[in-house]
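Worksheet: one structure, shown below.
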Amino acid sequence: MLVGHDRPGGRLKVWRWSGWISLFVLLVSLLSLTPYLGSSTELVRLRNALMLREGISPDFAWTPANVPASFLQERGPVDPFFIQVVQQLRLAELSDDWARAVAISRHLLSSSPVLRGGAIKSDLRGTYQSVVVQGHGYCGDFTDVFVAIAMAAGIPVRTWSFSFDAFGGHGHVWPEIWNRQISRWQLVDVFNNYYFVDTGTMPLSALTFRRALSSGSPQLRLATLDPRARPGWAIESKAWAYYRRGLPGWYMGWGNNVFTYDQSRSVKLFSGVSSSLEQLGAIAEGVHPPIRLLADDENQAQVQAMWRLHRQLIFLAWLVPVTALVFLVCLLGWAYRRHRSPSAHSFSGLEHGCH
């Protein structure tokens, strides 16, 4: 005589309860992400949290002579299209890398006196055409194309970003070149048509600019990359307010592998369809650069919040497939037991479920 869980009905109850519990855990796990799914800026926050890597401010002092091993440095072939752009701009004939950076910036800014805006959903070549021919694009589009041309010209380059919403998607991104002739980083705000100087005329690095801006240096000035092109702001004080507002949210894209990223399968598949799917695929392929936050005394709360979200995502990345697998096993187990015991209750009934 069968008793307890040895009875067919008892075994079905075990499968039903286990299945419903796993389904509940799965749904709660997925619902925990719903606050981030309502806008593109919150999706960027999810991406940034997922791509976080350890690192504090001294990590950013590296040079092309000692690139960190974790930095996704471009090692793939340069797109011949951008080699042709370099040749057309005659960058090799210019005196130094800063002159080349200015020439690249002026080329990208020369298409239209008024920026038409709009995020470009295309590959690197398509983005270049939209920026140069039509004057379309956001800061990320201008930066991607700038980096591609600079890399094709042999100029070491990396990118910085800052956000106004605690490392979410409302912010700015800009490139920083390594001037090989003077062995110094120099910041280029190509989208806003600016670079920055302090006591002299030497363009500042990103970190030097940030320190001067944080300290309220009276010598800090902005200059235009192309006096003929549109400025970022008609009123200079608004530009300074913009940059100051972003001070707590600085971070670095930990890679410059623009060509490898552009040639990845997921980017080719989803380019022009969905930026989120494109980036998710690139993350899965390992070609999306991680990010490192610039942490200081002023942004500890925001940094810690991002790390909590990072840990939540890593936990969910383990939990969701496990609970989905458990639910599937429960469903199959219930179906098998139900087939062996036709008189048992229905799995799909709301009053029973996969217990």
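In percent, what relative contact order does the chain have, based on Cα pairs under 8 Å that are 6 or more apart in sequence?
Values: 558 pairs, mean separation 98.1, N = 355.
The value is 28 percent.
For region 163-170, in order, what is each residue's ³J(HN,Hα) by Karplus, 6.51 cos²θ - 1.76 cosθ + 1.60 with θ = phi - 60°, in whole Hz (x at glycine and Pro)?
Result, rounded to whole Hz: 10, 9, 10, 6, 6, x, x, 9.
Under a crude label model (7 Å from the Cα following the beta-carbon direction), how far is ALA234 from LEU332 in nanometres?
Distance between label points: 6.7 nm.
Given a 1.4 Å probe and every protein chain left where it sits, what share in percent of the accessible area of the chain is carbon and sulfur? Please report the intermediate quantities before stating the final value.
Details: 10570 of 17740 Å².
Carbon with sulfur: 60 percent of the solvent-accessible area.
Hey, what angle do you get for helix 275-285 against the long axis of the chain, alpha-carbon based, 0 to 90 degrees rounded to 10?
80
Leaving ligands and nucleic acids out of the surface, order TRP254, TRP98, TRP17 by accessible area at 1.4 Å, largest first. Please list the in-between numbers first.
Values: TRP254 0, TRP98 35, TRP17 150 Å².
Order by accessible area, largest first: TRP17, TRP98, TRP254.
Starting with the highest mean, order 150-160, 60-70, 171-181 by the number of other Cβ atoms within 10 Å, averaged over the residues of each peptide. Spell out each step's value before the answer.
Values: 150-160: 21.9, 60-70: 11.8, 171-181: 20.0.
Highest mean packing first, the order is 150-160, 171-181, 60-70.
Among [x] 1.13; [y] 0.93; [z] 1.04, find the value of Rg/Rh (Cα atoms, Kirkwood Rh) that was calculated from the structure presented, and write down its label.
[x]
If you take the Cα atoms of region 113-242, find Rg, then find the Kirkwood Rh from the mean of 1/r over all pairs, what is Rg/Rh?
0.95
How large is the dipole of region 47-92 about the Cα centre if only Lys and Arg carry +1 and Asp and Glu carry -1, each at its Cβ, rounded to the nearest 20 debye? All intermediate terms of the calculation are to be shown ahead of the outcome.
Details: 4 positive and 4 negative charges, 21 e Å.
It works out to roughly 100 debye.
Using a 1.4 Å probe, how large is the accessible area of LYS13, given in Å² and rounded to the nearest 10?
Looks like 110 Å² after rounding.
Please list 3J(HN,Hα) in residue order for region 148-158, calculated via the Karplus relation 6.51 cos²θ - 1.76 cosθ + 1.60 where θ = phi - 60°; whole Hz, with x for glycine and proline.
Whole-Hz 3J(HN,Hα) from phi for region 148-158: 4, 5, 4, 5, 5, 8, x, 8, x, 8, 9.
For the residue pair SER276 and ARG75, what label-to-label distance in nm results when each label sits 7 Å from Cα along the Cα-to-beta-carbon direction?
3.3
Under a plain spin-label model, where a point goes 7 Å from the Cα along Cα-to-Cβ, how far apart in nm are SER183 and SER217?
Once both label points are built, they end up 2.1 nm from each other.
On a 0 to 90 degree scale, rounded to 10, what angle separates helix 40-50 from the longest Cα axis of the chain?
80
Using R₀ = 35 Å, calculate the FRET efficiency as 1/(1 + (r/R₀)^6) where r is the Cβ-Cβ separation of ALA99 and GLU54; round to 0.05.
On the way: r = 37 Å, r/R0 = 1.05.
The computed FRET efficiency comes out at 0.40.
For every helix of n ≥ 4 consecutive DSSP H residues, a contribution of -39,500 (n - 2.57) applies; sum these over the chain, divide by its total residues, and give [θ] at 222 nm rounded to the nearest 500 deg cm²/dmol. Before the final figure, lay out the partial values.
On the way: 12 runs with 161 residues, N = 355.
For the chain, the value works out to -14500 deg cm²/dmol.
What angle do you read, to the nearest 10 degrees and between 0 and 90, between the alpha-carbon axis of helix 8-31 and the longest principal axis of the chain?
Tilt of helix 8-31: around 20 degrees.
Under a cut-off of 30 Å between alpha-carbon atoms, report the lysines in cross-link reach of LYS238, not counting same-chain residues fewer than 8 places apart.
LYS121
The values are calculated or read from the model by the stated rules, or taken from the named source; none is laboratory data. In this text the structure is predicted, and so the values were computed from the model without any measurement. Positions of Cβ are backbone-derived with ideal geometry, glycine not excepted, and every protein chain shown enters the neighbour counts. Keep in mind that these areas ignore ligands, DNA and RNA; they rest on the heavy atoms of the full protein, side chains included. Shrake-Rupley method; radii C 1.70, N 1.55, O 1.52, S 1.80 Å.
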